[in-house]
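Colleague: Before I ask anything, here is the structure I am working with.
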Amino acid sequence: MAYSDKVIDHYSNPKNVGTLDKSKTNVGTGLVGAPECGDVMRLQIEVDEESGLISDAKFKTFGCGSAIASSSLATEWLKGKTVDQALAIDNMDIVEELALPPVKIHCSVLAEDAIKAAINDYRVKNGLPELVAEKKAH
Amino acid sequence: MELKLPIYLDNNATTPMDPRVLETMLPYFVEKFGNAASRNHSFGWVAEEAVDYSREQVAKLINADPKEIIFTSGATEADNLALKGVYEMYATKGNHIITCTTEHKAVLDTCKHIEKTGGQVTYLNVKADGLIDLNELEKAITEKTILISIMYGNNETGVIQPVQEISKIARKHGVLFFTDATQAVGKIPVDVNADGIDLMAFSAHKMYGPKGVGALYVRRKNPRVKVTSQMDGGGHERGMRSGTLNVPGIVGLGKACEICMQEMDTEAKRLSKMRDRLEVSLMEMEETYVNGSREHRLPHTANISFKYVEGEGLMMGFNKNIALSSGSACTSASLEPSYVLKALGLGDDLAHSSLRFGLGRFTTDEQIDFTIDAIKNTVNKLREMSPLWEMFKEGVDINAIEWEHH
């Protein structure tokens, strides 16, 4: 299977690999997927409390090239957005941007799940109710 | 010598054809095009002579009689002919076949088909080293058992089954023994008499011959084995496999066998040395595991798991330059990780993290050096990117986490 240039680029030069301090209240962490399924994504956001904007985003991913690219792209998109704007990121946007083939759509779904999980973690830490996201098929 | 890229290390999938084989085949396309079954003119005689010579070359490699060689389109057809052919031919004796879970799909799917038509099949589990348990094999034999089908060397792990012990058990109980030896013939000494094999499938394109041709060995003496033909027609190949013989292909298979026979000893030593060097170097990395027995193994195969990195992602790091296979789900059509590795008791996570190295006649030391570096670099890079590696390094028990399964 041939990968798109964008997937190859994110895989070769992943953006925002790393770890944020998960003990901080303004950091939300989402860990999704499972080792048995061959993909695990951890996505973290740091929210600037004054502006309400996501000031930093980091990821670490165990998975195929498309999973790595999806999470790398997600962290790029998250930076500078408000939490509400971040919630609006749809997996199909990732599919389109990276030209993922149908068998790799689950990688984008996982990235969207990771964003939502990180936001929920942030919300819960800050006394906000957890959002219940509609479940997308993997 | 300058290193030419990409490097081919997937010789268990198929081998490049040896130029000497091609050269031998060439006259049989245009100039000597006859049908080996044409009895009444020289075109037919020339073709028949070539087929007979090839049959001798093939038989010699496995210490068989030329009359015991049935040419087929490849190992898959030979597997089908052996299993279905014995099942039908010995129907009055019984309907039970014993095989194991790590067999090639050509055997497993044929067994599934036989089950649908009323046959009974026992699938033996393998031990962690990939070998079957001989006691379990013997216990599985019933009065209805007609055939034991256990492969010689495994295509994914290279694990070599105890063929001689299996055949002794088969003989003791009057059961036939069939082995799919596609990965073993031409690579290691295979002797149908010393090994007590009654039927054996193998293929040309795994031993530097052409694709589309293989053979089934069918024993003629002690005992005389018969199979019901699965392809009806002109009664070629002693009635067991009709169809005009693929003369150039058969000539190629014969030549490939001859070369393997001449070069096997030195080649097996050369390859196992290179394979071991590759393996030892890669094992210098933490959390790296060899899958299957290292002792009972084909000389050219290694199957290694790099924990906390995923196989497809790993291959993407170097697949422009190195051709390999992975046991990862993402690289298979079924999206399931390798059933062979799972049968060894590997968790899905380790099966996802595996690479299969298949060295071959044209593999060089320079290629192995390049491969070692490329894989080490990619594994290290991806581990830095892996949340599982970070957790492992922090002492988090990954199995204790409640993962969300899709």
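The values are calculated or read from the model by the stated rules, or taken from the named source; none is laboratory data. Fair warning: this is a prediction, and the values are worked out from it, not measured in the lab. We place every Cβ from the backbone using ideal geometry, glycine too, and count neighbours over all the protein chains shown.
Colleague: Sort out which residues of the range B:292-332 are farther than 16 Å from B:Met274 by Cβ and hydroxyl-bearing (Ser, Thr, Tyr), and write them in order of number.
Modeller: Answer for the range B:292-332, where residues must be farther than 16 Å from B:Met274 by Cβ and hydroxyl-bearing (Ser, Thr, Tyr): B:Ser293, B:Ser305, B:Tyr308, B:Ser325, B:Ser326, B:Ser328, B:Thr331, B:Ser332.
Colleague: Only one of (1) surrounded by fewer than 20 Cβ atoms within 10 Å (Cβ to Cβ); (2) outside any helix (DSSP H, G or I); (3) aromatic (Phe, Trp, Tyr) is not met by B:Tyr53, so which one is it?
Modeller: It fails just one condition, (2).
Residues are listed down the side, and each one gets a yes or a no for (1) among the hydrophobic types (A, V, I, L, M, F, W, C); (2) touching a Pro at 6+ places or on another chain (Cβ under 7 Å); (3) within 9 Å of chain B (Cβ to nearest Cβ); (4) assigned to a loop (DSSP other than H, G, I, E, B):
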{"site": "A:Tyr11", "(1), (2), (3), (4)": "no, no, yes, no"}
{"site": "A:Thr19", "(1), (2), (3), (4)": "no, no, yes, yes"}
{"site": "A:Ser51", "(1), (2), (3), (4)": "no, no, no, yes"}
{"site": "A:Ile68", "(1), (2), (3), (4)": "yes, yes, yes, no"}
{"site": "A:Gln85", "(1), (2), (3), (4)": "no, no, no, no"}
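Colleague: Which residue, of B:Phe43, B:Phe71, B:Phe33, is farther than 22 Å from B:Glu263 by Cα and either loosely packed, with under 14 Cβ neighbours inside 10 Å or not assigned by TED's automatic domain parsing to the domain that holds B:Arg241 (or both)?
Modeller: Every option except B:Phe33 fails the conditions.
Colleague: Shifting gears a bit: Would you point out the residue of the range A:53-66, among those that are of a type outside the set (Lys, Arg) and within 14 Å of chain B (Cβ to nearest Cβ), that is farthest from B:Ser386 (Cα to Cα)?
Modeller: If we take residues in the range A:53-66 being of a type outside the set (Lys, Arg) and within 14 Å of chain B (Cβ to nearest Cβ), then A:Ser66 is farthest from B:Ser386 (Cα to Cα).
Colleague: Could you list, ordered by first residue, the pairs with Cβ atoms under 9 Å in which the first is in the range B:355-366 and assigned by TED's automatic domain parsing to the domain that holds B:Arg275 and the second is in a loop (DSSP other than H, G, I, E, B) and among the acidic types (Asp, Glu), at least 6 apart or interchain?
Modeller: From the range B:355-366, the pairs are B:Arg356/B:Glu156; B:Arg361/B:Asp18; B:Phe362/B:Asp18; B:Glu366/B:Glu2.
Colleague: Tell me, please, whether a residue that is buried (at least 18 other Cβ atoms within 10 Å of the Cβ), at pLDDT 95 or above, of a type in the set (S, T, N, Q) and within 30 Å of B:Ser325 (Cβ to Cβ) can be found in the range A:27-43.
Modeller: no
Colleague: Hey, among the residues in the range B:375-397 that are hydrophobic (A, V, I, L, M, F, W, C) and crowded, with 17+ Cβ neighbours inside 10 Å, which one's farthest from the other protein chains (Cβ to nearest Cβ)?
Modeller: B:Ile375
Colleague: For the range B:74-98: of the residues being farther than 30 Å from B:Glu48 by Cβ and surrounded by 24 or more Cβ atoms within 10 Å (Cβ to Cβ), which is farthest from the chain's Cα centre (by Cα)?
Modeller: Restricting to residues being farther than 30 Å from B:Glu48 by Cβ and surrounded by 24 or more Cβ atoms within 10 Å (Cβ to Cβ), the top hit is B:Tyr87.
Colleague: Residues that are surrounded by 22 or more Cβ atoms within 10 Å (Cβ to Cβ) and outside the structural domain of B:Pro337 (by TED's automatic domain parsing): list the strands (runs of 3 or more DSSP E) wholly contained in the range B:105-192 that include at least 3 such residues.
Modeller: Because the criterion is at least 3 residues that are surrounded by 22 or more Cβ atoms within 10 Å (Cβ to Cβ) and outside the structural domain of B:Pro337 (by TED's automatic domain parsing), the strands (runs of 3 or more DSSP E) in the range B:105-192 that meet it are B:145-149, B:176-180.
Colleague: When the range B:56-87 is examined, which residues are found to be more than 15 Å from B:Asn246 (Cβ to Cβ) and outside any helix (DSSP H, G or I)?
Modeller: Selection gives B:Ile62, B:Asn63, B:Ala64, B:Asp65.
Colleague: Continuing with this model, one more query. Could you list, ordered by first residue, the pairs with Cβ atoms under 8 Å in which the first is in the range A:27-44 and without any contact (Cβ under 8 Å) to a residue 60 or more places away in the chain and within 9 Å of chain B (Cβ to nearest Cβ) and the second is crowded, with 21+ Cβ neighbours inside 10 Å and of a type in the set (Val, Ile, Thr), at least 6 apart or interchain?
Modeller: A:Ala34/A:Val40; A:Val40/A:Val32; A:Val40/A:Thr61
Colleague: Which ones in the range B:276-311 are buried (at least 17 other Cβ atoms within 10 Å of the Cβ), at pLDDT 95 or above and part of a helix (DSSP H, G or I)?
Modeller: Selection gives B:Leu278, B:Glu279, B:Leu282.
Colleague: Continuing with this model, one more query. Taking A:Lys22, is it modelled with pLDDT under 95 and more than 15 Å from the chain's Cα centre (by Cα)?
Modeller: Criteria met by A:Lys22.
Here is a yes/no grid of residues against (1) over 13 Å from A:Leu73 (Cβ atoms); (2) hydrophobic (A, V, I, L, M, F, W, C); (3) surrounded by fewer than 21 Cβ atoms within 10 Å (Cβ to Cβ):
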| position | (1), (2), (3) |
| --- | --- |
| A:Leu87 | yes, yes, yes |
| A:Glu96 | no, no, yes |
| A:Leu100 | no, yes, no |
| A:Ala118 | yes, yes, no |
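Colleague: Something else now. Pick from the range B:335-356 the residues that are small (Gly, Ala, Ser) and in contact with a Ser or Thr (Cβ under 8 Å, 6 or more places away or on another chain): which of them is modelled with the highest pLDDT?
Modeller: B:Ala343
Colleague: Restricting to the range A:87-106, what's the tally of residues that are part of a loop (DSSP other than H, G, I, E, B) and touching a residue at least 60 places away in the same chain (Cβ under 8 Å)?
Modeller: Number of matching residues: 3.
Colleague: Filtering the range B:204-250 down to residues that are small (Gly, Ala, Ser) and not in a loop (DSSP other than H, G, I, E, B), which residue is farthest from B:Pro27 (Cα to Cα)?
Modeller: That would be B:Gly239.
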